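The values are calculated or read from the model by the stated rules, or taken from the named source; none is laboratory data. The model shown is predicted, which means the values in this text are computed figures rather than measured ones. For neighbour counting, all protein chains shown are included, and Cβ atoms are generated from backbone atoms with ideal geometry for every residue, glycine included.
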Amino acid sequence: MSIFAAWIVEAPKDMLSLLDEVARDVVLSLFPYYDTIHKEVFVRILDLPGTEKIRDLRTAHLNFLIKVSGVVTRRTSVFPQLQLVKFNCVACGAILGYELRNYSVKQRGFRPFTQHKNAELSLNACPECQSKGPFSLNTSQTIYRNYQKLTLQESPSSVPPGRVPRSKEVILLADLIDKARPGEEVAITGVYINTPDPTLNMKDGFPVFKTVIEANHIERTAEGHTTVLTAEDKKAILKWSKQPNIGQLLIQSIAPSIYGHTSVKTALCLSLFGGKPKHIKNSRVRGDLNVLMVGDPGTAKSQFLKFVQATAPRAVYTTGKGGALVLADKGVCLIDEFDKMNEQDRTSIHEAMEQQTISVSKAGIVTSLQVSTASTQTHLPPELLKKYIVYARTYVNPTVSSTLDTRKIETFYAQLRKASQHTGAVPIAVRHIESLFRMAEAYARMHLRDAVCNDDLDMAIQVMTTALCDAQKFTFKRQWKKLFAQYLSFRQDNTIVLMHIVQELFQAAYTYHQKISAPLSELTVACTDVLSKAKSLGILDLSPLYESTAFEQNGLRYDPDHQMILKTF
């Protein structure tokens, strides 16, 4: 059996034709009338061991059966290709289409000529009248077959850093027509062949062949990510997710070499994790987050994009070249120099950002392509961060908790609409609420939570408020920050600040007791003192402090009856 398998790989053209013929005989023996449905039966080879990289294909692979994977970037229409040809003799009107060496004179006209792929079929003379032409194609008795060509490009995740993705043309015949669409990631098994290229011959002046892959089998691989998670990876991911500050760790893991820009890192991190898509009746509401970064030159915008490109499970970096959004289906598309694009291209992206499809209209033909993409120690290692994102997007689908503070959403939305009307800012619509829920779901995914809690909502409100305040005109920016001051600090950040205030107050109380030489068994701090200091920093709620793990780890207790914080020695 191993020798037979080797023959299939090393001589695929001969072996596959024999297998097709044998398969057809077997089918006809079982179903005698199958010939009236389909004239041919094809044997498809799948699960071929080993996958070749497109950039590694060489002459050693010629005429071998190979398997390659990549993203379909272009697909032609279906064309009729000559397979079995018959000609008309213009001089005598005879129909020419039999092979004299294989068939008797009685069978003339019943066997067409076989059209070979690499050479044009030509006749020397008519066997009836000995005329040397001309001959015309008999279109009614000529047999055609469906022919289609697509372009397969290397997957974005498999391209070495700094290299341009390579591509290869693939020929589809018969039942393989329309088996793959642009934007899909597929694995193709086929024969690596060479064909004469007149263009290359004229350019180089010596025989040069063009190589293509004649497909035998197509398998979609875009259902899952290319990153494989092992049992050890899942164990490490779950261990990291149990850390109380995992959210901040993930945010700090975004471009750790760039100092500051916490709000930008938070937005990019939320975009990498994304929200949960929703299917309502026959409509789909996207879950991916789109991020627009605007800033002065030299403020690390492109560096952030490059980091996301290296971190995201599937990412395409472009400066406006067509087709990038389709290639980034179910991934992140990073568009640099967005302001340099013309207005028409920028407008066409709106559909991809909201509806997550791209409509192509050309010569009266309109179609839609899938493009589910996001127009994306003190930190996690880069490889673990990538696997953490894959795990969260694959296995975590958070739902809205029944305990979620919907009243806060209503109040926040009403304040936003009122402020936008008075300051002439961008109008606030219902889609801002959708964005709020998407960000809350993304933050829940960062913690591998199955339900969106109030912490996730607070983070989403803080990110949206920061972005909206920064987008205001200078005259209204300070007014917006003052109006939404209560939303600009996340409760986890408040906990750190409040713990610092409490520690300062306890230190002052300890110093006082040391001066009066009083016996020290327990110290107390009034909650009103903590709140008065917190209000000066814009913090109005102490409840996050009492619920935090740091509060308990520092040996602190809260007495709600007397409104005191106690520490026992």
### Query
When you scan region 433-448, how many residues do you find that are buried (at least 19 other Cβ atoms within 10 Å of the Cβ) and either in contact with a Ser or Thr (Cβ under 8 Å, 6 or more places away or on another chain) or over 16 Å from Thr406 (Cα atoms) (or both)?
6
### Query
With respect to Val41, is the statement that it is modelled with pLDDT under 85 and under 22 Å from Ala174 (Cβ atoms) true?
no
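Residue by residue, here is whether (1) part of a helix (DSSP H, G or I); (2) at pLDDT 70 or above; (3) under 23 Å from Val164 (Cβ atoms) holds:
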residue: Gly295; (1), (2), (3): no, yes, no
residue: Thr299; (1), (2), (3): no, yes, no
residue: Phe304; (1), (2), (3): yes, yes, yes
residue: Phe307; (1), (2), (3): yes, yes, yes
residue: Ala310; (1), (2), (3): yes, yes, yes
residue: Tyr317; (1), (2), (3): no, no, yes
residue: Asp329; (1), (2), (3): no, no, yes
## Note on the structure
Reported set for region 123-172 where residues are part of a strand (DSSP E or B) and under 30 Å from Gln303 (Cβ atoms) is Gln153, Ser167
## Note on the structure
(1) modelled with pLDDT of 80 or more; (2) touching a strand residue (DSSP E or B) at 6+ places or on another chain (Cβ under 6 Å); (3) outside any loop (DSSP other than H, G, I, E, B) all hold for Ala180 apart from (3)
